[in-house]
1. How about region 98-114: which of its residues are surrounded by fewer than 24 Cβ atoms within 10 Å (Cβ to Cβ) and either more than 15 Å from Thr78 (Cβ to Cβ) or among the hydrophobic types (A, V, I, L, M, F, W, C) (or both)?
2. Met199 passes all but one of (1) at pLDDT below 95; (2) in a helix (DSSP H, G or I); (3) farther than 19 Å from Ser119 by Cβ; which number fails?
3. Which one of Met336, Met290, Met320 is farther than 19 Å from Leu238 by Cβ and either at pLDDT below 95 or of a type in the set (A, V, I, L, M) (or both)?
4. Among the residues of region 282-327, which ones are in a helix (DSSP H, G or I), of a type outside the set (Phe, Trp, Tyr) and closer than 13 Å to Asp339 by Cα?
5. Give the number of residues within region 40-61 that are charged (D, E, K, R) and either assigned to a strand (DSSP E or B) or touching a Ser or Thr at 6+ places or on another chain (Cβ under 8 Å) (or both).
6. Please go through region 203-238 and give me each residue that is in a helix (DSSP H, G or I), of a type in the set (A, V, I, L, M) and either at pLDDT 95 or above or buried (at least 20 other Cβ atoms within 10 Å of the Cβ) (or both), ordered by number.
7. For region 307-320, enumerate the residues that are buried (at least 24 other Cβ atoms within 10 Å of the Cβ) and under 15 Å from Asn65 (Cβ atoms).
Amino acid sequence: MASFSNFHMIHHILLIFSSCLLIPTSSQSHPHQPQNHVAFFIFGDSLLDPGNNNYINTTTEDQANFRPYGETFFKYPTGRFSDGRLIPDFIAEYAKLPLIPPYLQPGNHQFTYGANFASGGAGALDEINQGLVVNLNTQLRYFKKVEKHLREKLGDEESKKLLLEAVYLISIGGNDYISPLFRNYSVFQIYSHRQYLDMVMGNLTVVIQEIYQKGGRKFGFVNMGPLGCLPAMKAIKLQQGGAGECMEEATVLVKLHNRVLPEVLQKLGSKLKGFKYSIFDFYTTAKERMDNPSKYGFKEAKIACCGSGPYRGLYSCGGMRGTKEYELCSNVSEYMFFDSFHPTDRVYQQLAELVWSGTHNVIKPYNLKQLFGHSQEEIPCDQFEHLPYTSNVP
């Protein structure tokens, strides 16, 4: 049986389941806000990261800029933790925007279409993978630089309009909850699960309020997926003497997060005038595919396409993370997971379609198509602030 290193696991207990991609600078270089377009700003972890970690001093544990990553769609590694695209890539396409490149990618970016600040391995807490990723507070600092740049280039009135109409997508928390389970942390001896979650939610709330103060009004959130049931987690559980079942400790934290998140957002909605939010139920949609893969066109939902050991759960895809040898499936389209932690391009496409135009059983109170398609005046505040949110997570 393959042995598992805590060091290998901690950096990419990546938010479920983040470029060398060169977007032509012309797509970002127009000095004025594009007509009939809504800007798209992205914050978070590997679920949304297009390759920001390519441009920071980190380790291969927090990077995916080597083969076979990226080969299904881009035909080369971009820094995305998948064989192809991620949810923001599809959303940009549906919103008739160019792909939003990594904020840290060199180039003459004017940011009139938005910016992607997400970083694989990032957490809401600064201590998570500290010094190796772009944490949420640093992502906020980068956003403030973009806001200043837009004011200088577009003027106060036009930049304010751009930020007011923009959509802000956020996915954060998975690394915060999983990291203490794999490192020699005593955090859960000091804090209860709820106390720890409140610290995570506190940091997230501050970031939301700061974005709001700069003009942000329309927010999309991705709740926690079934982290405890990832191939990596099940393989570790098997090594610990279990029968390959999901890791219950992670599942408890995930369900707590998903229960509290809508409460936090509803409270913000009652305090911040014009604050609009939507929550995508990543947990239910992902778990449904894991439990019924053939219903969604997959043959394998337990074993990763790329990796080694039980369930291919050893985080060795690409042979650049300490373990040189790894296995690669012959038909990635049949698999739900590309590596030990992250879904395939095909899964991300299915999920992105639900984020974009799903009904209230998977995303509420609005989907992103509605957020992108409506101006502030066209979305009644009370429809957001008072619509009850009932989580599908037990």
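1. Within region 98-114, Leu99, Leu104, Asn108, His109, Gln110, Phe111, Thr112 meet the criteria.
2. (1)
3. Testing whether each residue is farther than 19 Å from Leu238 by Cβ and either at pLDDT below 95 or of a type in the set (A, V, I, L, M) (or both) leaves just Met320.
4. Those that are in a helix (DSSP H, G or I), of a type outside the set (Phe, Trp, Tyr) and closer than 13 Å to Asp339 by Cα: Pro310, Arg312.
5. Counting residues in region 40-61 that are charged (D, E, K, R) and either assigned to a strand (DSSP E or B) or touching a Ser or Thr at 6+ places or on another chain (Cβ under 8 Å) (or both) gives 2.
6. Answer for region 203-238, where residues must be in a helix (DSSP H, G or I), of a type in the set (A, V, I, L, M) and either at pLDDT 95 or above or buried (at least 20 other Cβ atoms within 10 Å of the Cβ) (or both): Leu204, Val206, Val207, Ile208, Ile211, Leu227, Ala232, Met233, Ala235, Ile236.
7. Within region 307-320, just Cys317 meets the criteria.
Here's the yes/no breakdown for (1) farther than 27 Å from Gln213 by Cβ; (2) hydroxyl-bearing (Ser, Thr, Tyr); (3) modelled with pLDDT under 95; (4) touching a helix residue (DSSP H, G or I) at 6+ places or on another chain (Cβ under 6 Å):
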position	(1), (2), (3), (4)
Gly51	yes, no, no, no
Asn57	yes, no, no, no
Phe117	no, no, no, yes
Gly123	no, no, no, yes
Gly131	yes, no, no, no
Arg141	no, no, no, no
Lys148	no, no, no, no
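The values are calculated or read from the model by the stated rules, or taken from the named source; none is laboratory data. Quick caveat, the model's predicted, so the values are computed rather than measured. Note that each Cβ is placed from the backbone with ideal geometry, even for glycine, and that neighbours are counted across all protein chains shown.
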